[in-house]
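Peer 1: Once you've had a glance at the structure underneath, I'll fire off some questions.
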Amino acid sequence: MKFLMFGTRQDEIEWAEKWGKENQVEITTRPELLTENTVDDVKGYDGISVLQQAPIDSEVIYQKLADFGIKIISLRSTGYDTVNLALAKKYHLAVSNVPGYSTRSIGELVLTQAMHLLRHIGIVEDRESRGDFSFEGLESKEIHQLTVGVIGVGRIGMTVASLFKALGSEVIGYDPYKKPNPEDPVKYVSYDELIKNADIITVHMQLTDDTKHMIDQNTFKQMKNSALFLNMARGGIVNTKDLIEALKNHEIAGAAIDTIEDEAGIFGVDRQNGYDNPMLKELIEMPNVSVTPHIAFYTEPAVQNMVEYCLEDSYKFLKGEGVDHLVNLD
Ligand code: NAD
């Protein structure tokens, strides 16, 4: 078999080559994304592996993939909002993702950023850059005094809940599709209760039509003025304009985001020559906001698992074996 891997980073190549050798699959890696310009190169390959922030939204791509005999689009990411599932279905293309490559990778960045905001590190560094070493306004709570609200208690949300629970925080969660288990490290509450009572609020659901802009000005207005808000899931879950207004109006105390609307072409790229996303620029300039460029997933175990699980799913699907991580064709 022959597989073509799009959007390949340097750090993935070692794991791809190792997996290819072990499974006698010829793997070609390339850094470009799957687009209308690159789809013709798929001809002659049995499988494709895709990792990209830019959506695959052109019907021509799906049509050509089907024409070339491709049966499955295998993503090396958890999020599958980059794929148009209706078009995939129309052209009988299965789609797989990698849901559980390392929930710790995201959980540990959530913890890092929560601590960063809690201890006002951004404000401290901003003051220090101006020679101001004063203490005023820097007193903080300790993590065990706080209530952490997890919205979306899935794989990642559950890991986040365990990490904060282990540090002594009270953890509350909201997830309309979750069947509560008494063993869960979280007390399930209503959405309103979570928004009103949590000191740290972190979102961990998929971006869908239902969750798009779920966090908006109404949500921020209900939060405590001292609340810290974190988004390591998907930019579109939050109305970014409303987030900026809430920070400016002191409706919340700080925010950490690893993802933002219209991040494609910016996050993951050296854009020292400039970029066009005024809301991102505004957030970066705020000392009580910490922005990371979609690196929550980026740990060594996660990279290895993303590559191996993705190739494995494609391989099994093509051999007619069961695949655990199909996101369509149910
Ligand atoms: P998951 O499917 O295991 O969990 C999502 C949970 O959200 C589910 O339990 C679901 O019931 C719940 N949910 C759905 N709609 C909801 C709603 N309206 N309100 C509250 N909960 C709702 O997914 P996961 O693997 O935990 O991933 C969560 C998110 O993290 C995804 O958006 C994914 O794209 C993102 N992610 C980001 C990074 C990164 O590097 N920043 C890496 C991996 C995953």
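The values are calculated or read from the model by the stated rules, or taken from the named source; none is laboratory data. It should be emphasised that the depicted structure is a prediction, and the values quoted were computed from it without experimental measurement. Positions of Cβ are generated from backbone atoms using ideal geometry, with glycine treated the same way; all protein chains shown enter the neighbour counts. Protein only, heavy atoms only, side chains kept; ligands, DNA and RNA dropped before computing areas. Shrake-Rupley method; radii C 1.70, N 1.55, O 1.52, S 1.80 Å.
Peer 1: On the given criteria, is Glu22 open to solvent by 50 Å² or more (accessible area, probe 1.4 Å), free of Cβ contacts under 8 Å to residues at least 24 places away in the same chain and either outside the structural domain of Cys310 (by TED's automatic domain parsing) or touching a strand residue (DSSP E or B) at 6+ places or on another chain (Cβ under 9 Å) (or both)?
Peer 2: no
Peer 1: If you take the residues of region 148-164 that are in contact with a strand residue (DSSP E or B) (Cβ under 8 Å, 6 or more places away or on another chain) and in a loop (DSSP other than H, G, I, E, B), which of them is nearest to Ala255 (Cα to Cα)?
Peer 2: Residue satisfying both the conditions and the ranking: Gly152.
Peer 1: Separate question: Name the residue that is modelled with the lowest pLDDT, counting only residues in region 91-102 that are closer than 14 Å to Pro301 by Cβ and open to solvent by less than 30 Å² (accessible area, probe 1.4 Å). Please lay out each step first, then the result.
Peer 2: Of all residues in region 91-102, those closer than 14 Å to Pro301 by Cβ come to 98, 100-102.
Then keep just the ones that are open to solvent by less than 30 Å² (accessible area, probe 1.4 Å); that gives 98, 101-102.
Details: Val98: 93, Tyr101: 86, Ser102: 92.
Taking the candidates together, the pick is Tyr101.
Peer 1: Here is a follow-up. Would you mind stating whether Val323 is more than 16 Å from the ligand (Cβ to nearest atom) and either assigned to a loop (DSSP other than H, G, I, E, B) or open to solvent by 50 Å² or more (accessible area, probe 1.4 Å) (or both)?
Peer 2: Considered against the rule, which asks whether it is more than 16 Å from the ligand (Cβ to nearest atom) and either assigned to a loop (DSSP other than H, G, I, E, B) or open to solvent by 50 Å² or more (accessible area, probe 1.4 Å) (or both), Val323 comes out as yes.
Peer 1: Please state which one of Leu33, Leu109, Leu117 is more than 19 Å from Leu207 (Cα to Cα) and not in a helix (DSSP H, G or I).
Peer 2: Leu33
Peer 1: Do you know which of the residues in region 198-250 that are part of a loop (DSSP other than H, G, I, E, B) and among the acidic types (Asp, Glu) is farthest from the ligand (Cβ to nearest atom)?
Peer 2: Per the criteria, the residue is Asp199.
Peer 1: Oh, and also: I need every pair where a residue in region 174-198 that is within 17 Å of Thr147 (Cβ to Cβ) has its Cβ under 7 Å from the Cβ of a residue that is open to solvent by 90 Å² or more (accessible area, probe 1.4 Å) and near the ligand (Cβ under 10 Å from one of its atoms), sequence separation at least 6 or different chains.
Peer 2: Here the result reads none, with nothing in region 174-198 linked to a residue that is open to solvent by 90 Å² or more (accessible area, probe 1.4 Å) and near the ligand (Cβ under 10 Å from one of its atoms).
Peer 1: Looking at the structure I just gave you, is Val189 open to solvent by less than 30 Å² (accessible area, probe 1.4 Å), out of contact with any Gly (no Cβ under 6 Å at 6 or more places or on another chain), more than 24 Å from Asn239 (Cα to Cα) and within 16 Å of the ligand (Cβ to nearest atom)?
Peer 2: Working: open to solvent by less than 30 Å² (accessible area, probe 1.4 Å): yes; out of contact with any Gly (no Cβ under 6 Å at 6 or more places or on another chain): yes; more than 24 Å from Asn239 (Cα to Cα): no; within 16 Å of the ligand (Cβ to nearest atom): yes.
No; evaluated as a whole, the condition is false for this residue.
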